[in-house]
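Report on one structure; see the data block that follows.
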Amino acid sequence: MKLRFLLAAIACALAATPAQAALTLCNRTSYILYAATSAIQSPRSQTQGWTRITPGECQLARKEPLTAETYLVHARTSLAHSGPARAWGGAYPVCVKDANFSSAQGVTQPYCTAEDTFALPFAPLDNRGKSVWTMNFDEQPAMNATEAQLAGVKRLLKDNGYKIDRIDGKPDKATGAGLQDFRKRMKFAVTAGNTELFDTLEREARKKIAPAGYTACNETRDVLLLALGQIEGGRPVSRGWWTVQPGACAKAVTTPLNTEAVYLLALRKSGGTLVGGGMHFCTTAAAFEIKGADNCSGRGLADNGFAATPTKGASGYVAHIGPAGLKR
């Protein structure tokens, strides 16, 4: 498929927007986003997610007229993307689930008590009192819909192992060649369009990155520094640091796990240990990979206690870190 044909297909796709939508969310970033929304009508709130929005497109998030007191929104990037996860949110904690969900809770409820729920920071939606509204998720530099869709193709091609130099909305030969090769490998029909392209790019990237591996999600309002300890070949190995912004996740291990436990240390960047435990590993102040956990101080290293997260032989694991520490 020629790159110019992709751009023509993008233009056609953008002509179709959700009909009769009360709240439409538009993705003007290079990432596939998953969005959740919450409607607050005291003393209750109703939260639902996840709305999948590919780069350059818009999706209906809520059908009903926007008549509640307040609406909140949060979006996070697909786990198919390599590198640090990104999130679009704010300072209002709302209980969500990893899988698609719809739930109600009290507005003043301080903790997520339902099974498999955890808090993420949502941002208020300024719909200016209107019952119908469209909101854009953006990144810098700002892109229009066509540019975002092309940048999204580039990012996902890169996630799939293609050599893409720049993630932007400008056509280039490397993207055209990579796209043509990917379509050929996936045996796309001549009539296959953008929906199939993005679905397949995400699916194939997830095989490389997720669900295998170890992901840690920061559900606090603090910036966290994370380190991991593992037993590899019978010998302790520790690695760090991953910086994780509030509401974001870090893919710390991208290869399949095959162990009963991975050990986690989480420090607040502002100071203090949030997650720690009884399994000791060596660390340093700078980025590190340290083999062995004996005589840390004698080797000029720090000795820290890590908390066990029970991966139990699974190929993938997501650790949720809340204001009180590791969520079990």
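The values are calculated or read from the model by the stated rules, or taken from the named source; none is laboratory data. Just so it is clear, the model here is predicted, and its values are computed rather than measured. Methodologically, a virtual Cβ is constructed for each residue, glycine included, from the backbone with ideal geometry; neighbour enumeration extends over all protein chains shown.
How many residues does region 282-328 contain that are surrounded by fewer than 17 Cβ atoms within 10 Å (Cβ to Cβ) and hydrophobic (A, V, I, L, M, F, W, C)?
The qualifying residues number 8.
Please pick out the residue among Ala252, Ala248 that is closer than 29 Å to Asp98 by Cβ, touching a Pro at 6+ places or on another chain (Cβ under 9 Å) and surrounded by 19 or more Cβ atoms within 10 Å (Cβ to Cβ).
That would be Ala248, the only listed residue that is closer than 29 Å to Asp98 by Cβ, touching a Pro at 6+ places or on another chain (Cβ under 9 Å) and surrounded by 19 or more Cβ atoms within 10 Å (Cβ to Cβ).
When you scan region 51-65, do you find a residue that is assigned by TED's automatic domain parsing to the domain that holds Pro121, over 18 Å from Ser30 (Cβ atoms), acidic (Asp, Glu) and in contact with a strand residue (DSSP E or B) (Cβ under 6 Å, 6 or more places away or on another chain), even just one?
no
Go over the candidates Asp294, Asp303 one by one and state the one that is at pLDDT 90 or above, out of contact with any strand residue (DSSP E or B) (no Cβ under 7 Å at 6 or more places or on another chain) and acidic (Asp, Glu).
Among Asp294, Asp303, only Asp294 is at pLDDT 90 or above, out of contact with any strand residue (DSSP E or B) (no Cβ under 7 Å at 6 or more places or on another chain) and acidic (Asp, Glu).
Within region 269-281, is even one residue closer than 29 Å to Lys97 by Cα, modelled with pLDDT of 95 or more and aliphatic (A, V, I, L, M)?
yes
Would you check if Ala99 is surrounded by fewer than 17 Cβ atoms within 10 Å (Cβ to Cβ) and out of contact with any Ser or Thr (no Cβ under 6 Å at 6 or more places or on another chain)?
yes
Quick check on this structure: which one of Met186, Met143 is touching a strand residue (DSSP E or B) at 6+ places or on another chain (Cβ under 8 Å), at pLDDT 95 or above and within 20 Å of Ile32 (Cβ to Cβ)?
Selected residue: Met143, the only one of Met186, Met143 that is touching a strand residue (DSSP E or B) at 6+ places or on another chain (Cβ under 8 Å), at pLDDT 95 or above and within 20 Å of Ile32 (Cβ to Cβ).
Determine, yes or no, whether Ala227 is among the aliphatic types (A, V, I, L, M), out of contact with any His (no Cβ under 9 Å at 6 or more places or on another chain) and closer than 18 Å to Arg328 by Cα.
It is false that Ala227 is among the aliphatic types (A, V, I, L, M), out of contact with any His (no Cβ under 9 Å at 6 or more places or on another chain) and closer than 18 Å to Arg328 by Cα.
Restricting attention to region 38-60, does a residue exist that is touching a helix residue (DSSP H, G or I) at 6+ places or on another chain (Cβ under 9 Å), modelled with pLDDT under 95 and either in a strand (DSSP E or B) or crowded, with 18+ Cβ neighbours inside 10 Å (or both)?
No.
Going residue by residue through region 256-275, is there one that turns out to be over 27 Å from the mean Cα position of the chain (by Cα) and in contact (Cβ under 8 Å) with a residue 24 or more places away in the chain?
There is no residue in region 256-275 that is over 27 Å from the mean Cα position of the chain (by Cα) and in contact (Cβ under 8 Å) with a residue 24 or more places away in the chain.
If I go through region 275-292 residue by residue, how many of them are in a loop (DSSP other than H, G, I, E, B) and closer than 16 Å to Trp242 by Cα?
Count: 5.
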